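Peer 1: Here it is: the structure, laid out below.
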Amino acid sequence: MKKYTFTEKKDTRSGFGAGILELGRTNPDVVAMTADLAGSLKLEGFIKEFPERYVQCGIAEANMIGVAAGLTIGGKIPFATTFANFATGRVYDQIRQSVCYSNKNVKICASHAGLTLGEDGATHQILEDLGMMKMLPNMTVINPCDFNQTKAATIAIAEHEGPVYLRFGRPVVPIFTPADQKFEIGKAVILNEGPDVSIFATGHLVWEAIQAGEKLAEEGIEADIINIHTIKPLDEEAILASVKKTGCAVSAEEHMLNGGLGDSVAQVLARNYPAPLEMIGVHDTFGESGTPAQLMEKYGLTADRIVEAVKKAMQRKAA
Amino acid sequence: MVTEAIDTKTLCGQLRLKVLDLYNQAHAGHIGCSLSCIDIIAASLILRKREQDTFILSKGHAAAALYASLHHLGELTDADLASYYLNGTTLPAHPAPNKHKGIPFATGSLGHGLPIGTGIAKANKLTGENGRVFVLMSDGETNEGTTWEAAHFAMQNQLDNLIILIDKNGLQGFGYTQDVLGDTADPAKWKAIGFDVVEADGHDVQSLTSAIDEVSGRPNGVPKVVVAHTIKGKGVSYMEDRLEWHYLPMTPDQYAQAVDDVTSRYF
């Protein structure tokens, strides 16, 4: 197992804040928008340097998405920001009609996704956003894993022409990907190579997958660990190449199983190369109040649960 | 480019005949909705829109009125119109995006056109372009909450390049607006928010162009609303102010009578 270490933990939303500040300096077309959550989305740096390219929309998310679509006429690149719950479910028809069907260059950047929002509870812990967004034609869906990758993804999506949903979160998590990485949309990142099982993880679960890989290595199990930061377009080639080698897989995500990464992996395998797949994610239920760590433990989104899933997948392969 | 010199009554008659022709050809509904707003489209899109301006038909169910007007402007061909409503067309019942230059966005899901138009107006302010944005809404459409989100955004951002045109015919999908949710398009509501509000006769092109010119002549940092008083189905006697012509298609006899009505009134 390849060794991954970290010296610092930061929130992925701060990676977004750093990315959009850099974009402000390098791309005059970039406009930052928010529905009165500038602080939560870490926009302070951008607002201070580029107040003329900051658009405050108030607590009116549907209008923000429509205004973002309109802003693209003439070449602006709007980054519309709010919590993941309000960036997707609340404004689905706006995204569907004005952004995706109209195919406009809008970047929807969503923080506080998933259970790791913690004590704010189920009203705000959206676990369906990846599913809703990946179902929309023309939409690209990205869920980076740490500060560095979120910053790199933020910068990369400005270069991509078309609608993008970029999902990140609130808690501080280890920074283990390189600061100088080039983010390639739709290109999975292979973190470890092994013959026994493929672990496909996204977002906060990538670090858990690495922890699981270390525990498995102690037992002599070497896993392919692959960071699927782009849910759509999915890197089917990387997924199939890995499973053709290992013969079984585990998916891991901080999202509902219905509609998430595991669901996409299952489709790829079913269509191309049927193989045992165990899925780590939330089983058709809303979240609840608790610390992020408590909730990840309770809903089974941890390295230990990934280890168990790997063993189950390998047993099924052997059967 | 069409000039003031055109006989606007004839123009509005021609557009009505084209609208009726489209609905007859497709055996489709929303006729009353198109006849209600066709004079507003003539005044704004045909007579007042400059190259740098944008026109958004937010009440997308009146697409036939938009298509007839874009055809008049030469942006749509006879062949385009012949495909209206058919499989494979670029001109469906509700406008599809990016198929024609004059239709950059999908509309018809109500309450979307104003946020979009507001965004375009904001973009013009950011880039220093002097383009105006016309957004044509129906009075029933102002039931949608995005109307009021966008209205406050337009005020806060001083979008005096935004001109909302309201087709106020007093009828919506299944009833009089008064009975459904009350008069959400009441000019007093727009004034209370701070808009520059002018009322016009929605079937008098002169009244409409004057209203547009009047509000455009006030670059005072305040967004504009032209509340156009209209009659659903205007121009066809048996359709006027009748709810059922929101949806009904015409029989061949009804089409013939509609053509007769328009011909006798407008030519």
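Peer 1: Got a number for residues in the range B:141-170 being in contact (Cβ under 8 Å) with a residue 40 or more places away in the chain, more than 21 Å from B:A42 (Cβ to Cβ), within 17 Å of the chain's Cα centre (by Cα) and open to solvent by less than 10 Å² (accessible area, probe 1.4 Å)?
Peer 2: Residues in the range B:141-170 being in contact (Cβ under 8 Å) with a residue 40 or more places away in the chain, more than 21 Å from B:A42 (Cβ to Cβ), within 17 Å of the chain's Cα centre (by Cα) and open to solvent by less than 10 Å² (accessible area, probe 1.4 Å): 1 in total.
Peer 1: Let me ask another. Identify the residue in the range A:62-87 that is part of a loop (DSSP other than H, G, I, E, B) and within 17 Å of A:Y101 (Cα to Cα) and, among all such residues, is most open to solvent (accessible area, probe 1.4 Å).
Peer 2: Step one: filter the range A:62-87 for residues part of a loop (DSSP other than H, G, I, E, B), giving A:72-76.
Of the ones still in play, those that are also within 17 Å of A:Y101 (Cα to Cα) are A:72-73.
Values: A:T72: 19, A:I73: 60 Å².
Restricting to residues being part of a loop (DSSP other than H, G, I, E, B) and within 17 Å of A:Y101 (Cα to Cα), the top hit is A:I73.
Peer 1: On to the next question. Exactly one of these conditions fails for B:G88: (1) assigned to a helix (DSSP H, G or I); (2) among the small types (G, A, S); (3) open to solvent by 60 Å² or more (accessible area, probe 1.4 Å). Give me its number.
Peer 2: (1)
Peer 1: Turning to a different aspect of this structure: Taking B:T127 and the conditions (1) out of contact with any helix residue (DSSP H, G or I) (no Cβ under 8 Å at 6 or more places or on another chain); (2) within 11 Å of another protein chain (Cβ to nearest Cβ); (3) within 21 Å of B:G217 (Cβ to Cβ), which numbered condition does it fall short on, given that it satisfies the others?
Peer 2: (3) is the only condition that B:T127 fails.
Peer 1: Pairs, please: C-beta under 8 Å, at least 6 apart or cross-chain, first residue within 7 Å of another protein chain (Cβ to nearest Cβ) and open to solvent by less than 10 Å² (accessible area, probe 1.4 Å) and in the range B:98-121, second at pLDDT below 95 and assigned to a loop (DSSP other than H, G, I, E, B)?
Peer 2: Every condition considered, the pairs that remain are B:I120/A:G74.
Peer 1: Looking at B:G173, B:G131, which one is over 17 Å from B:G119 (Cα atoms) and in contact (Cβ under 8 Å) with a residue 12 or more places away in the chain? Please lay out each step first, then the result.
Peer 2: Working: B:G131 fails: over 17 Å from B:G119 (Cα atoms).
Testing whether each residue is over 17 Å from B:G119 (Cα atoms) and in contact (Cβ under 8 Å) with a residue 12 or more places away in the chain leaves just B:G173.
Peer 1: Let me ask something additional. Report yes if A:A212 is at pLDDT 95 or above and open to solvent by less than 10 Å² (accessible area, probe 1.4 Å), otherwise no.
Peer 2: Yes: the conditions hold for A:A212.
Peer 1: Also: I need the full set of residues from the range A:93-117 which are open to solvent by 10 Å² or more (accessible area, probe 1.4 Å) and within 11 Å of chain B (Cβ to nearest Cβ), in order please.
Peer 2: Result: A:D93, A:Q94, A:R96, A:Q97, A:Y101, A:N103, A:K104.
Peer 1: For the range A:183-209, enumerate the residues that are open to solvent by less than 50 Å² (accessible area, probe 1.4 Å), farther than 19 Å from A:I157 by Cβ and not in a helix (DSSP H, G or I).
Peer 2: If the condition is that a residue be open to solvent by less than 50 Å² (accessible area, probe 1.4 Å), farther than 19 Å from A:I157 by Cβ and not in a helix (DSSP H, G or I), then A:L191, A:N192, A:G194, A:D196, A:V197, A:S198, A:I199, A:F200, A:A201, A:H204 are the ones that fit.
Peer 1: Would you mind stating whether B:L76 is part of a loop (DSSP other than H, G, I, E, B), farther than 20 Å from B:L208 by Cα and open to solvent by less than 10 Å² (accessible area, probe 1.4 Å)?
Peer 2: On the way: part of a loop (DSSP other than H, G, I, E, B): yes; farther than 20 Å from B:L208 by Cα: yes; open to solvent by less than 10 Å² (accessible area, probe 1.4 Å): yes.
So B:L76 passes the test.
Peer 1: Would you check if there is a residue in the range B:60-73 being within 13 Å of chain A (Cβ to nearest Cβ) and surrounded by fewer than 18 Cβ atoms within 10 Å (Cβ to Cβ)? Give the steps one after another, and end with the answer.
Peer 2: Our first condition is that a residue be within 13 Å of chain A (Cβ to nearest Cβ); within the range B:60-73, this holds for B:60.
Filter once more, so that each one left must be surrounded by fewer than 18 Cβ atoms within 10 Å (Cβ to Cβ): none.
No.
The values are calculated or read from the model by the stated rules, or taken from the named source; none is laboratory data. Predicted model, so just to flag it, every value in this text is computed and none were measured. Please note: Cβ atoms are built from the backbone with ideal geometry, for glycine as well, and neighbour counts cover all protein chains shown. To get the accessible areas, we keep the full protein, side chains included, count just its heavy atoms, and leave off ligands, DNA and RNA. Shrake-Rupley method; radii C 1.70, N 1.55, O 1.52, S 1.80 Å.
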